[in-house]
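Notes to accompany the following structure.
The values are calculated or read from the model by the stated rules, or taken from the named source; none is laboratory data. Keep in mind that what you see is a predicted model, and the values were worked out from it rather than measured. So basically every Cβ, Gly included, is an ideal-geometry build from the backbone, and we count neighbours across all protein chains shown.
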Amino acid sequence: MDFDFTPKVKELQGRVSAFMNEHVYPNEFKFHEEVEANRAKGNAWIPTRIVEELKVKARAAGLWNLWRPKDHGGTLTNLEYAPLCEIMGRISWAPEVFNCSAPDTGNMEVLLRYGAPAHQKQWLEPLLAGEIRSAFLMTEPAVASSDATNIACRVERKGDEYVINGRKWWSSGAGDPRCKVFILMGKTDPDNADRHLQQSMVLVPADAKGVKILRALSVFGYDDAPHGHMEVDLVDVRVPASNILLGEGRGFEIAQGRLGPGRIHHCMRIIGQAERALELLCKRLQARVAFGKPVAEQSVWHERIAEARIMIEQARLLTLKAAFMMDTVGNKAAKAEIAMIKVLAPNIAQQVIDWAIQAHGGGGVSQEFAVAQMYAHNRTLRLADGPDEVHRSQIAKLELRKYQHR
């Protein structure tokens, strides 16, 4: 088995790393300072100058839309993109610099695969250019959205329009003023005997009449401005019937096409976060003295460092295996591997980041270092795109199926 990356990937790894070293790491805290300065002026929900300037540089450097699937105009396979996504993921806001951030990559993939030419012209092209942003409206506050058949948002056909009524939350990206389009999942046929054919996905302009952003939801106190995770109310929102994707009852089909790549992209990015957390942990331990010797010489930290390295390596290898299978046998055949890495990666990253917080002492839970924000961001990923419990259940069912008729 060959575990080495191709010369093309190694060259891109070098270029992405060099860009991060020159432009992103030096601005890591300046980004947050700019957001807070905007907040102090009365509005944290405006694009940052730093990201907008770096987007121009990344595009000029040819490091743009690296996520784009090879079968839809891209140049990289999932396996080739994985190590690049990991590098970008080391800082939570960095993927946007390369136009490789969630939820836009997943939404762009939906438009690439399922959008009509008119949809692609109106929404996909400006998304690919980084001129606008988007949000994905699936989760609802009134139901257990871990079972997506519970979705209650109503999408009713009335003449040449669909009328939408419902409430969504954790609509990441909806707080950004550049967000111009929502991809919304709602029920078009609530009486269908097949619960997986009741839902559809529809494109909703963010400024449509009846759309109201109610509030930003915080994650352990972070509101993630200017991106945000919003609660959105939709009252008698009317969109053209042509805004439906693929047709009525195709929502689950589209969701599976979107969430497979989205899940593995999350895993790629958070392995980068875990790697960086381990780096910060080691540097901190070597810089501090306690009880007469460097903290790095305390044996308890040797155990944790070793365990962290082992966990990161196993998560990376499973991510690469899942990416390889997606490329070679397809997302459906790779569903067990995608589910396994979606459970494993956030859990190992959470543990490594927690150890990094511990190594930083009181500063670790403050805004002084990156690790507290990393922990908050990572913790959401045990819920986003399906909670751990749902993925574990799927893994178990697939395993049991192997032995049913023996």
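In region 170-202, what count of residues is obtained for those that are more than 20 Å from the chain's Cα centre (by Cα) and either within 19 Å of Gln122 (Cα to Cα) or not polar (S, T, N, Q) (or both)? If you could, list the steps in order and put the result at the bottom.
Step one: filter region 170-202 for residues more than 20 Å from the chain's Cα centre (by Cα), giving 186-200, 202.
Remaining after also requiring either within 19 Å of Gln122 (Cα to Cα) or not polar (S, T, N, Q) (or both): 186-187, 189-191, 193-197, 202.
So the count comes out to 11.
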How many of the residues making up region 89-130 are charged (D, E, K, R) and under 18 Å from the mean Cα position of the chain (by Cα)?
4
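Keeping to region 121-161, report how many residues are in contact with a Gly (Cβ under 8 Å, 6 or more places away or on another chain) and either among the basic types (Lys, Arg) or in a loop (DSSP other than H, G, I, E, B) (or both).
Qualifying residue count, region 121-161: 7.
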Go through region 364-406 and give me each residue that's among the polar types (S, T, N, Q) and over 17 Å from Ile91 (Cβ atoms).
Ser366, Ser393, Gln394, Gln404
Do we find a residue being more than 27 Å from Ser146 (Cβ to Cβ), modelled with pLDDT under 95 and of a type in the set (D, E, K, R) anywhere in region 331-351?
no
Please state which of the following conditions Ala44 fails to meet, knowing it meets all the rest: (1) closer than 23 Å to Gly260 by Cβ; (2) in a loop (DSSP other than H, G, I, E, B).
(1)
Spot the failing condition for Thr319; the list is (1) touching a Cys at 6+ places or on another chain (Cβ under 7 Å); (2) modelled with pLDDT under 95, and only one is missed.
(2)
From Val143, Val181, residue being on the phi < 0 side of the Ramachandran plot and either touching a Leu at 6+ places or on another chain (Cβ under 7 Å) or surrounded by 20 or more Cβ atoms within 10 Å (Cβ to Cβ) (or both):
Val181
Filter region 37-55 down to the residues that are without any contact (Cβ under 8 Å) to a residue 12 or more places away in the chain and either crowded, with 20+ Cβ neighbours inside 10 Å or at negative phi (or both) and list them by number.
Ala37, Ala40, Lys41, Asn43, Glu52, Glu53
Every residue in region 56-88 that is surrounded by fewer than 19 Cβ atoms within 10 Å (Cβ to Cβ) and in a helix (DSSP H, G or I), please.
Val56, Lys57, Arg59, Ala60, Lys70, Asp71, His72
